[in-house]
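Below is one structure, written out as structure tokens; the observations come after it.
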């Protein structure tokens with residue numbers, strides 16, 4: 001063997017449409033009726049922006065993810081988690097695990113080679129990081145995002161207080 005095999009994204013592409021990555025699948029087919037989740041889109045953003053030499057299809061995943069997270073966030077920085085397959089949000093904005101995972105994804109995307117994704121990630125991170133959650137799990141993910149952001153912007157004003 002001559003190196004580490006590259007990850008394959010074909011299944012993830014199959015589960016993703018213009019809105020986002022569907023929450024569930026039955027074997028290889030997306031279960032579209034379950035809609036989408038912010039938590040999943042944050043994970044997709046982490047994976048897509050960490051892929052070195054990402055091709056157009058992986059960059060598309062990052063673009064879909066960053067747009068989804070932008071729509072999930074309110075101007076106050078709280079996040080919705082569940083979107084129906086119709087595109088309607090089905091829950092209220094909150095500072096729960098989806099908010100923390102969103103910050104993690106945005107912090108990871110601050111490293112993106114794609115300038116638009118990188119810029120949107122920093123803007124969205126600043127908006128969400130002004131808030132604080134009472135959930136230890138949400139804060140753990142927020143800290144991961146802050147640590148990611150600080151490796152790119154060591155004096156980032158919204159990230160530093162999260163640590």
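The values are calculated or read from the model by the stated rules, or taken from the named source; none is laboratory data. Note that the coordinates shown come from a computational prediction; the quantities given were computed from them, not determined experimentally. Positions of Cβ are backbone-derived with ideal geometry, glycine not excepted, and every protein chain shown enters the neighbour counts.
Which of the residues that make up the range 132-146 are in contact (Cβ under 8 Å) with a residue 24 or more places away in the chain and touching a helix residue (DSSP H, G or I) at 6+ places or on another chain (Cβ under 7 Å)?
Here is the first cut: in the range 132-146, the residues in contact (Cβ under 8 Å) with a residue 24 or more places away in the chain are 132-135, 137-142, 144-146.
Scanning the range 132-146 gives 133, 135, 137, 138, 139, 140, 141, 142, 144, 145, 146.
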Going through 137, 101, 131, 118 one at a time, which residue ends up being out of contact with any strand residue (DSSP E or B) (no Cβ under 7 Å at 6 or more places or on another chain), over 24 Å from residue 61 (Cβ atoms) and not in a loop (DSSP other than H, G, I, E, B)? 137
Look through the range 140-161, keep the residues that are over 18 Å from the mean Cα position of the chain (by Cα) and part of a helix (DSSP H, G or I), and return whichever of them is nearest to residue 108 (Cα to Cα). 160
Out of the range 74-95, which residues are outside any loop (DSSP other than H, G, I, E, B) and either touching a residue at least 60 places away in the same chain (Cβ under 8 Å) or crowded, with 21+ Cβ neighbours inside 10 Å (or both)? 79, 83
Test: residue 111 is in a loop (DSSP other than H, G, I, E, B), crowded, with 17+ Cβ neighbours inside 10 Å and modelled with pLDDT under 95: no
